[in-house]
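Notes follow once the structure below has been shown.
The values are calculated or read from the model by the stated rules, or taken from the named source; none is laboratory data. Nothing here was measured: the structure is a model prediction, and the numbers come from that model. Here the Cβ is made from the backbone with ideal geometry for all residues, glycine too, and neighbour counts use every protein chain on show.
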Amino acid sequence: MSHNEATLGRLMNAADIDLACAEIHVHQDVASIPLQKGRARLLIPWLVGMAIVMGSWGVMVLESLDHPMMFLHSRQKEADENLVLEQQAIATVPNYKRLWFTRNLFWIDPQLRISSKNYNVFGSAMLLGFVGERTLRPWLEVCAEDSDGDGYSNGAELGDPCCIYRGAGSNAEPTGQVAWSWRLTHPGQDGSAPTPEIQVMLERLDCQAVRQAQAYPSHDEEFDAFFFEVNQNDIDLSWGTSSLRLFFFGVLMAVMGYWAWVRGLWKELSGKGETSAAVLGLTYLVAYAHNDLNSAFVHAFMDNCHHHHPIIGGGCKGTQFHHHRPRGQSLEPMVNWIGNPIATAPAIIICVVYIYLGNGIRYPRCLQTGFQYPRWFELLVFWMGVTAPLSYFFHQAAHTPELERGWLLTLLQQSGVALSPELHKVHHRLPNGTWSVMAGWMDFVPNWLVRNADITSYKGPESAHASFIVILLITVLPWFMWLVYFTIKEIREQSKARMQ
Ligand SMILES: [Zn+2]
Ligand SMILES: [Zn+2]
């Protein structure tokens with residue numbers, strides 16, 4: 001087939017599809033196209049389509065997070081009461097939200113707090129009564145009791161064995177008031193009793209000294225042992241998992257390779273194009289920071305979302321189990337680190353939409369915008385896609401002891417390119433903040449929100465919902481901004497052409 005034949009074939013194909021899509025007369029002079037028949041009108045189906053997709057996804061997330069809105073028509077009052085009760089509980093009971101296998105410490109169903117009658121023995125012990133508003137007994141009263149009768153006091157199970165916890169007045173929790181925040185057990189289930197490691201720590205504590213100082217001694221060494229503890233049962237060495245992850249990584253790299261090829265980015269990347277080294281470096285830095293910030297909010301979301309969610313429930317459970325056994329996934333082969341769908345799948349979807357909008361994919365033609373991004377934005381999308389798998393990869397590297405990590409990863413951690421174990425330990429000790437799992441550069445944003453706006457306060461349906469909205473804002477808002485930008489540009493050009 002000659003070059004001319006190929007061009008002719010493409011034109012004919014385009015003409016056919018134009019007919020199918022109706023009234024998009026691409027071969028006419030731009031100036032003669034009535035506005036409502038031009039590309040500008042694509043803004044409407046794009047906005048409506050996106051609103052439907054985001055809305056339905058948002059509602060699905062909301063509905064499965066035992067959010068009060070779920071009960072708008074039936075059990076709104078009960079749901080509101082339970083929400084208030086849980087907020088009181090978070091402020092009263094030490095480490096309330098750090099038992100990673102249960103979301104709600106008072107209720108029998110550990111994932112839902114929907115009923116007022118289904119309290120477990122610990123929940124019942126904490127409740128003062130039902131006269132008017134339900135209130136809680138003071139922690140210091142309940143702390144020394146053994147609600148589930150397993151031989152350990154409620155305080156010993158929840159990391160306050162000497163009963164000095166005076167409540168978390170705000171999100172900025174006082175660290176000295178709890179002895180530890182890991183290996184916690186359920187004070188309302190007699191099958192859940194302190195592990196041998198906790199028993200050793202309990203024996204060593206001098207409660208008289210603790211009460212005098214009103215603070216616990218640090219347990220840094222014990223925390224380190226927990227952080228790097230190897231448990232053979234947690235390692236997934238199956239071929240199925242590894243090949244699935246390799247597949248996800250492969251798809252993401254293929255998509256980014258295609259984008260670079262179809263828009264001629266290889267030339268820019270090799271320095272032979274018109275892009276300066278400064279723009280190349282700057283777009284890389286911005287993309288890296290964007291992924292770092294995104295990793296923080298995705299992590300905050302996964303730490304808080306519901307185990308029963310139909311699509312992401314498994315991921316939520318896995319991420320929360322990671323707090324229970326932090327070393328687990330880092331013992332798996334590196335291919336599992338680099339291809340984890342938590343990092344790669346959203347990047348594939350988001351980059352494909354950007355690429356489609358940016359004239360990188362031809363079909364479906366009905367919604368084709370034909371927009372030409374400026375070069376810097378094409379490069380930004382490219383860098384965002386290729387660096388996305390690093391978030392999960394660097395997270396697992398931070399969980400690997402120095403001897404097994406290798407000099408290269410240690411160098412990247414020490415230079416701040418990759419998340420350092422020291423920074424990540426902050427999150428595992430006090431999970432309400434420091435969520436970034438890529439480098440930690442952007443942690444100041446969610447940490448500021450925790451301190452000031454109280455929207456990412458951890459482990460509640462409200463905080464998962466808030467993190468979800470932030471994720472949408474930072475990943476999807478630019479789509480809309482480009483749609484609006486190019487639409488306004490086109491309308492202006494058309495009216496200018498009509499004036500002449
Ligand atoms: Zn976490
Ligand atoms: Zn971690």
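Quick look at the values:
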read-out: Number of the condition not met by VAL251 [criteria: (1) surrounded by 13 or more Cβ atoms within 10 Å (Cβ to Cβ); (2) touching a residue at least 24 places away in the same chain (Cβ under 8 Å); (3) farther than 24 Å from ALA343 by Cα]; value: (3)
read-out: Residue tally, condition within 14 Å of ligand 2 (Cβ to nearest atom) and in a helix (DSSP H, G or I), over region 429-445; value: 1
read-out: Qualifying residue in region 323-330 (condition: of a type in the set (S, T, N, Q), within 16 Å of ligand 1 (Cβ to nearest atom), over 19 Å from HIS465 (Cβ atoms) and assigned to a helix (DSSP H, G or I)); value: yes
read-out: LEU367 being more than 22 Å from PRO333 (Cα to Cα), within 16 Å of ligand 2 (Cβ to nearest atom) and at pLDDT below 95; value: no
read-out: Lone unmet requirement of (1) away from ligand 1 (no atom under 11 Å from the Cβ); (2) more than 20 Å from ILE342 (Cβ to Cβ) for LEU423; value: (2)
read-out: Which numbered condition GLU197 misses (of (1) closer than 21 Å to PHE106 by Cβ; (2) modelled with pLDDT of 90 or more; (3) among the charged types (D, E, K, R)); value: (1)
read-out: Search result, residues across region 313-339 that are farther than 18 Å from ALA397 by Cβ, away from ligand 2 (no atom under 16 Å from the Cβ) and touching a residue at least 12 places away in the same chain (Cβ under 8 Å); value: GLY313
read-out: Tally of residues being among the β-branched types (Val, Ile, Thr) and modelled with pLDDT of 85 or more across region 443-484; value: 7
read-out: Test: residue in region 446-462 that is over 30 Å from PHE371 (Cα atoms), assigned to a loop (DSSP other than H, G, I, E, B) and free of Cβ contacts under 8 Å to residues at least 60 places away in the same chain; value: yes
read-out: From the options LEU449, LEU412, residue that is surrounded by 14 or more Cβ atoms within 10 Å (Cβ to Cβ), in contact with a Ser or Thr (Cβ under 7 Å, 6 or more places away or on another chain) and among the aliphatic types (A, V, I, L, M); value: LEU449
read-out: Qualifying position, being surrounded by fewer than 19 Cβ atoms within 10 Å (Cβ to Cβ), outside any loop (DSSP other than H, G, I, E, B), of a type in the set (A, V, I, L, M, F, W, C) and without any contact (Cβ under 8 Å) to a residue 60 or more places away in the chain, among VAL417, VAL426; value: VAL426
read-out: Candidate set from region 393-409 (those that are in contact with a Pro (Cβ under 9 Å, 6 or more places away or on another chain) and within 13 Å of ligand 2 (Cβ to nearest atom)); member that is nearest to PRO326 (Cα to Cα); value: HIS399
read-out: Matching entry among ALA388, ALA296, ALA347, ALA289 (being of a type in the set (A, V, I, L, M, F, W, C), under 16 Å from the mean Cα position of the chain (by Cα) and within 16 Å of ligand 2 (Cβ to nearest atom)); value: ALA296
read-out: Residue in region 270-277 that is within 16 Å of ligand 2 (Cβ to nearest atom) and of a type outside the set (Gly, Ala, Ser) present; value: no
read-out: Complete set of residues in region 386-409 that are crowded, with 18+ Cβ neighbours inside 10 Å and not in a helix (DSSP H, G or I); value: ALA388, PRO389, HIS399, THR400
read-out: Condition broken by ALA345, with the remaining ones in (1) more than 16 Å from ligand 1 (Cβ to nearest atom); (2) over 22 Å from MET54 (Cβ atoms); (3) assigned to a helix (DSSP H, G or I) satisfied; value: (2)
read-out: Tally, over region 302-315, of residues that are surrounded by fewer than 20 Cβ atoms within 10 Å (Cβ to Cβ) and not in a loop (DSSP other than H, G, I, E, B); value: 3
read-out: Residue within region 324-333 that is under 30 Å from LEU483 (Cα atoms) and among the hydroxyl-bearing types (Ser, Thr, Tyr) present; value: no
read-out: Selection count, region 327-385, where residues are touching a Pro at 6+ places or on another chain (Cβ under 8 Å), buried (at least 21 other Cβ atoms within 10 Å of the Cβ) and β-branched (Val, Ile, Thr); value: 1
read-out: Subset of region 427-441 that is touching a Leu at 6+ places or on another chain (Cβ under 8 Å) and within 11 Å of ligand 1 (Cβ to nearest atom) - its residue that is farthest from MET302 (Cα to Cα); value: THR434
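For every residue, the table says whether it meets (1) assigned to a helix (DSSP H, G or I); (2) touching a residue at least 24 places away in the same chain (Cβ under 8 Å); (3) in contact with a His (Cβ under 7 Å, 6 or more places away or on another chain).
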{"site": "ALA215", "(1), (2), (3)": "no, yes, no"}
{"site": "GLU229", "(1), (2), (3)": "no, yes, no"}
{"site": "TRP266", "(1), (2), (3)": "yes, no, no"}
{"site": "GLU274", "(1), (2), (3)": "no, yes, no"}
{"site": "VAL286", "(1), (2), (3)": "yes, yes, no"}
{"site": "ALA289", "(1), (2), (3)": "yes, yes, no"}
{"site": "ASP292", "(1), (2), (3)": "yes, yes, no"}
{"site": "ALA300", "(1), (2), (3)": "yes, yes, no"}
